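Report on the structure given below.
Only the coordinates and a few stated rules stand behind these numbers; no lab work does. Quick caveat: nothing in here was measured; it's all calculated off a predicted structure. Counting neighbours? That spans all protein chains shown, and the Cβs are built from the backbone with ideal geometry, glycine included.
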Amino acid sequence: MFLYQIVDNHIKILGYRGYDGVVRVPERIGNRTVKELSAYAFSCGWGRDAMLARVGSEILVCDEEGNPVTAEETDLPPEINCEKLKALYLPDTIRKIGNYAFYNCFDLAHLQCYSSIENLGSGLFTGCTGIRSLDIHIVAEKRSCMEEILAELHQELYINYYSPKGNARLVFPEMFEESVEHTPARITIREMHGCGHMYRYCFEHTEFQFHKYDALFPHALVQERESVTAALVLGRLYTPVDLYDQDREIYEDYLTDHMTAAGKAALADEDPDLFLWLAREYGQDRKTFDGLVDLAGEADRTEVLSALMEMRRRRFPAVKRKFSLS
């Protein structure tokens, strides 16, 4: 059940109660559009308590489908906030998210949103160290909030990027700051570690620039773990939106030398088609292909092994032995 308030003839979500940490915010409640998430909507503590106290008797309740209901406090399920929030799906109608809406939601692992959010509150992702994957839907001809979101999340991120020009899988490496005291000068210097901060600058007028992203690969190659670079390369080759030929060659050269890491990254992905694509497109020689088959077998991925066996039978047919009596 969602707690909400009517503001200027649209809906502001105040919170959610339920038994599942996966929350899908509806586009409409009754005949009104859901446009806001309140400050502290999914946090807990004094900030949320103060917010609800201010709304007071204006708090309304609806079910998961957005149908208004009447419910007594004793009938309401437990609150879903902080560590109880696991995944959040926001509709394309959301235009504003209040301050600290996800404060200390450290078990929040996945977020889906649209780039058309116009106002992101301060401290929005404070304590959200568990977020690893995002689905971002790009709305054409509107200012994108993607850059703002990435700037707030310093951890390693795996993003499904959906746009009118095509869909892409993007990896943004981790970044973190360190304050170093320079005693003789009596100053503190902030040092940035990891190349993730450079990847978060790949925007022009809030629009993501693929060519800038691809140009940073030499930095990732030196500074990041092999598992990260392999996943990044897989994503770009599998979804080559605006991928220049020279960047494709660089990625494919990397793949040739790191096929085992790429195979492990593909197996770790939720989409089994990624591993089959890797075998189909880049397992052209028998040794490489058999190596991928061994990886799938070691990982006990029976759902892909049968497809691999059929692929191997067609690609490398058995040679019939010829016998001669002479």
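Can you tell which of E65, E224, E141 shows the greatest fluctuation in a Gaussian network model of the chain with Cα springs below 10 Å?
The residue with the greatest mean-square fluctuation here is E141.
Around E174, under 9 Å between beta carbons, what's the net of Lys plus Arg minus Asp minus Glu among the other residues?
Numbers: positive: none; negative: E156, E224.
Net of charged neighbours comes to -2.
Sort Y16, Y162 so that the residue with the fewest other Cβ atoms within 10 Å of its own Cβ comes first and the one with the most comes last.
Numbers: Y16 24, Y162 16.
Lowest to highest Cβ neighbour count: Y162, Y16.
Quick query: amide H of L37 versus all other amide H atoms, modeled in the peptide plane; which residues come in under 5 Å with a sequence gap of 5 or more or a different chain?
I13, K96, I97, G98
Shape verdict for segment 58-97, please, from the Cα gyration tensor: rounded (a/c under 1.5), prolate (a/b greater than b/c) or oblate. Each step should come with its number before you reach the end.
Numbers: a/c = 2.12, a/b = 1.26, b/c = 1.68.
It comes out oblate by the Cα gyration axes.
Say the cut-off is 23 Å between C-alpha atoms; which of K12/K86; K264/K287; K12/K84; K35/K142; K35/K212; K165/K212 go over it? Mind showing how you got there, number by number?
Details: K12/K86 21 Å; K264/K287 17 Å; K12/K84 21 Å; K35/K142 16 Å; K35/K212 33 Å; K165/K212 17 Å.
Checking Cα-Cα distances, K35/K212 exceed 23 Å.
Give me the net charge of S133's neighbourhood, meaning all other residues with Cβ under 11 Å from the Cβ of S133; Lys, Arg count +1, Asp, Glu -1.
Details: positive: R132, R169; negative: D135, E156, D269, E270.
Cβ neighbours under 11 Å give a net charge of -2.
Can you tell me how much longer the chain between W277 and E118 gets when fully stretched, taken as 0.36 nm per residue apart minus their C-alpha distance, in nm with one decimal?
Details: separation 159, 0.36 × 159 = 57.24 nm, distance 3.76 nm.
Extra length available between W277 and E118 comes to 53.5 nm.
How big is the equivalent ellipsoid of the chain along its three axes, where each semi-axis is √(5λ) from the Cα gyration tensor, reported in whole Å from largest to smallest? Each step should come with its number before you reach the end.
Values: eigenvalues 393, 141, 65 Å².
The three semi-axes for the chain are 44, 27, 18 Å.
Among D214, D273, what is the fewest-to-most ranking by other Cβ atoms within 10 Å? Working shown, then result.
Working: D214 20, D273 13.
Ascending Cβ contact count within 10 Å gives the list D273, D214.
Taking the alpha-carbon centroid of each part, what is the distance from segment 110-156 to segment 224-295 in angstrom?
Their Cα centres are 27 Å away from one another.
What does the charge add up to near Y103, with Lys and Arg as +1, Asp and Glu as -1, over the other residues with Cβ less than 15 Å from its Cβ?
Details: positive: R48, K84; negative: D49, E79, E83, D107, E152.
Every neighbour counted, the sum reads -3.
Skipping prolines and chain starts, which residues have an amide H placed within reach, meaning under 5 Å, of the one on R28, given they are 5 or more residues away or on another chain?
Amide H neighbours of R28: V34.
Counting other beta carbons within 10 Å of each Cβ, put R48, R54 in order, fewest first.
Values: R48 23, R54 10.
Lowest count first: R54, R48.
Which whole number in µm²/s is D for segment 81-174 by Stokes-Einstein, with the Kirkwood Rh taken over Cα pairs at 37 °C and 0.692 mPa s?
Numbers: Rh = 13.4 Å.
Reported coefficient: 245 µm²/s.
What nm value, rounded to one decimal, do you get for the distance between D253 and E177 when each label is placed 7 Å out toward the C-beta?
3.6
Determine the calculated [θ] at 222 nm for the chain from helices alone, applying -39500 (n - 2.57) to every DSSP H run no shorter than 4 residues and normalising by the residue count; nearest 500 deg cm²/dmol.
Numbers: 11 runs with 108 residues, N = 326.
Roughly -9500 deg cm²/dmol at 222 nm, from the helical runs in the chain.
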